[in-house]
Amino acid sequence: MTRLPDPPAIAEGDILLQIEIAAEQAGERIDRTLAAVRPELSRSRVKALIEQGHLRLAGATIEDPSLRVKPGQVFDLVVPEATPARPQGEAIALDVVYEDADLIVIDKPAGMVVHPAPGNPEGTLVNALIAHCGASLSGIGGERRPGIVHRIDKETSGLLVAAKNDATHQALSAAFAAHAIERAYLCIVWGVPSPAGGTITGNIGRDPKDRKRMAVVGRGGKPAQTDYRVLKPFGLGAALVECRLKTGRTHQIRVHMAKIGHPLIGDPTYGKATQARRGRLAPAARAAAERFPRQALHATLLGFAHPRTGEFLSWRSESPADFKALEQALAGAVG
């Protein structure tokens with residue numbers, strides 16, 4: 001009899017589940033199969049665990065929730081020790097742009113995670129909002145992200161709205177789903193897009209070659225549309241671009257701008273530029289772009305009809321200091 005590989009080592013408090021695939025389960029998706037076998041885990045929870053690298057087969061990590069199973073396969077699923085379901089409030093300073101009894105608009109700094117997740121259990125916007133808003137904060141978005149209607153990436157700065165009660169959360173979620181929210185972002189990209197304005201489309205889903213990335217995919221994914229216009233070219237090497245979202249997919253602007261050959265400066269995932277493109281900037285400008293520590297992306301405009309009054313409200317956020325410094329460096333040292 002063939003000896004199965006040793007199960008993976010697990011941390012204290014974690015749970016190791018071993019699941020053998022039965023004949024009648026052949027051909028099913030692995031996330032669906034595991035959720036059916038272990039009903040205490042929802043399918044979304046199983047899918048998240050798989051994408052986070054907690055599933056193994058014969059010693060190899062499986063990160064594709066859509067993998068089709070075969071009879072006799074034995075999977076090892078590590079379920080990390082549960083953390084408190086409800087994040088704790090933390091006295092973290094917030095830049096509050098607007099607040100009333102129903103909602104709060106925050107100008108989020110780059111580097112702040114929106115809601116707790118593995119690797120970032122504390123110090124998030126949610127922790128700060130709980131301390132700031134107290135018991136009024138809505139829980140309809142899930143106990144781990146109460147009040148959050150939408151999110152922006154950790155290293156993206158700018159405007160974000162959170163709901164303070166369930167009715168507002170439902171109304172804002174519906175407005176986002178109906179694309180009735182006005183959103184504009186500023187980004188600094190490698191090269192100068194041509195034409196100077198246009199619309200980028202293409203379904204966005206998990207990159208089939210790297211499940212930790214998103215990509216424009218030919219099959220599956222979700223429809224996405226980004227309207228862009230060049231605000232200021234910096235020679236031929238870089239440009240300040242405004243992007244307006246018609247949809248709100250994960251990493252949408254980063255993926256779409258990379259798709260048309262103009263990735264964001266500072267983007268560690270999608271932002272590689274060719275040597276030739278970097279060479280179109282003078283040395284000082286190129287150095288500033290290459291050392292920029294995050295994706296050059298800022299949520300500058302947010303607008304929507306207030307769920308209670310119907311009044312259309314709109315806010316603008318100035319680019320943060322690091323973003324402005326990069327603009328100045330590029331404008332002052334164009335090659």
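The values are calculated or read from the model by the stated rules, or taken from the named source; none is laboratory data. This is a predicted model, so every value here is computed, not measured. All Cβ positions, even for glycine, are placed from backbone atoms using ideal geometry, and neighbour counts span all protein chains on display. Remember, those area values only see protein heavy atoms, side chains included, never the ligands or the DNA or RNA. Shrake-Rupley method; radii C 1.70, N 1.55, O 1.52, S 1.80 Å.
What order do you get for 224-234, 151-161 when each peptide is scored by the mean count of other beta carbon atoms within 10 Å, highest first? Intermediate results must be reported in sequence, preceding the final value.
Details: 224-234: 18.7, 151-161: 22.0.
My ranking of the peptides, most packed first, is 151-161, 224-234.
Lys and Arg at +1, Asp and Glu at -1: add these up for the other residues within a Cβ distance under 13 Å of Gln275 and post the number.
On the way: positive: Lys272, Arg277, Arg278, Arg280, Arg286; negative: Glu290.
So the environment of Gln275 carries a net charge of +4.
In deg cm²/dmol, rounded to 500, what helix-only [θ] at 222 nm does the chain give when every DSSP H run of at least 4 residues adds -39500 (n - 2.57) and the total is split over its residues? Before the final figure, lay out the partial values.
On the way: 8 runs with 70 residues, N = 335.
The helix-only estimate for the chain comes to -6000 deg cm²/dmol at 222 nm.
How would the chain be classified by its alpha-carbon gyration tensor: rounded, prolate or oblate, with rounded meaning a/c under 1.5 and the a/b versus b/c comparison settling the rest? Display every interim value, and only then the final one.
On the way: a/c = 1.99, a/b = 1.35, b/c = 1.47.
Because a/c hits 1.5 or more and a/b fails to exceed b/c, the chain counts as oblate.
Could you pull out the pairs from Lys212/Lys232; Lys164/Lys222; Lys70/Lys259; Lys212/Lys259 whose alpha carbons sit more than 27 Å apart here? Show your work: numbers first, answer last.
Values: Lys212/Lys232 32 Å; Lys164/Lys222 29 Å; Lys70/Lys259 36 Å; Lys212/Lys259 17 Å.
Too far apart for the 27 Å limit: Lys212/Lys232; Lys164/Lys222; Lys70/Lys259.
In nm, give the distance between the simple-model label positions of Lys222 and Asp64, each being 7 Å from the Cα along the Cα-to-Cβ direction.
2.2 nm
Based on the Cβ-Cβ distance of Thr199 and Arg316, what FRET efficiency does E = 1/(1 + (r/R0)^6) give at R0 = 22 Å, to the nearest 0.05? Numbers along the way, then the final one.
On the way: r = 23 Å, r/R0 = 1.03.
FRET efficiency, Thr199 to Arg316: 0.45.
Could you list which residues have their amide H under 5 Å from that of Glu90, counting only those 5 or more apart in sequence or on another chain, with H placed in the peptide plane?
Under 5 Å from the amide H of Glu90: Ala128, Ile130, Ala131.
For the residue pair Asp166 and Lys209, what label-to-label distance in nm results when each label sits 7 Å from Cα along the Cα-to-beta-carbon direction?
4.7 nm
Please calculate how many Å² of accessible area region 60-111 carries per residue, with a 1.4 Å probe and no DNA, RNA or ligand atoms counted. Write out the running numbers ahead of the final one.
Details: 2630 Å² over 52 residues.
Ligands and nucleic acids excluded, the figure is 51 Å² per residue.
At a 10 angstrom cut-off on C-beta neighbours, averaged per residue, how do the peptides 38-48, 23-33 rank from highest to lowest?
Numbers: 38-48: 14.6, 23-33: 16.2.
Going by the mean number of other Cβ atoms within 10 Å, highest first, we get 23-33, 38-48.
Phe234's amide H: which non-local residues (gap 5+, or another chain) put their own amide H closer than 5 Å, with H modeled 1.01 Å from N in plane and none for Pro or chain starts?
Answer set, sorted by chain and number: Ala239, Leu240.
In a shell of Cβ-Cβ distance under 10 Å around Leu245, excluding Leu245 itself, what net charge do Lys and Arg (+1) and Asp and Glu (-1) give? Walk me through the numbers on the way to the answer.
On the way: positive: Arg183, Arg244, Lys246, Arg249; negative: Glu182, Asp227.
Net charge in that neighbourhood comes out at +2.
Amide H neighbours of Met214 under 5 Å, counting only residues 5+ apart in sequence or on other chains, H built in-plane at 1.01 Å?
Answer set, sorted by chain and number: Asp207.
If you count, for each residue, the other Cβ atoms within 10 Å and average over each peptide, how do 69-76, 290-297, 245-252 line up from highest to lowest?
On the way: 69-76: 15.9, 290-297: 19.6, 245-252: 17.9.
The peptides rank, most packed first, as 290-297, 245-252, 69-76.
Share of the chain's accessible area from carbon and sulfur, percent, 1.4 Å?
Values: 8320 of 16360 Å².
Taking all protein chains in place, the chain shows 51 percent carbon and sulfur surface.
Keeping all protein chains in place, calculate the accessible area per residue for region 116-239 (probe 1.4 angstrom), answer in Å².
44 Å²
Pairs of Cα atoms under 8 Å, at least six residues apart: use those to get the relative contact order of region 242-301, whole percent.
Values: 44 pairs, mean separation 18.8, N = 60.
Reported relative contact order: 31 percent.
Pop out the ³J(HN,Hα) list for region 168-183 in order, Karplus 6.51 cos²θ - 1.76 cosθ + 1.60 with θ = phi - 60°, rounded to Hz; leave Gly and Pro as x.
Per residue, the Karplus-derived 3J(HN,Hα) values read 5, 4, 5, 5, 5, 4, 5, 5, 5, 5, 8, 6, 9, 9, 8, 9 Hz.
For the pair Ala26 and Ala325, how long in nm is the line joining their label points, each one 7 Å along Cα→Cβ?
Rounded to a tenth, the inter-label distance reads 6.2 nm.
Using θ = phi - 60° and the Karplus relation 6.51 cos²θ - 1.76 cosθ + 1.60, list the HN-Hα couplings for region 49-56 in order, rounded to whole Hz, with x at every Gly or Pro.
4, 5, 5, 8, x, 9, 10, 10
Please list 3J(HN,Hα) in residue order for region 28-35, calculated via the Karplus relation 6.51 cos²θ - 1.76 cosθ + 1.60 where θ = phi - 60°; whole Hz, with x for glycine and proline.
Computed from phi, the couplings for region 28-35 are 6, 5, 5, 5, 5, 5, 5, 5 Hz.
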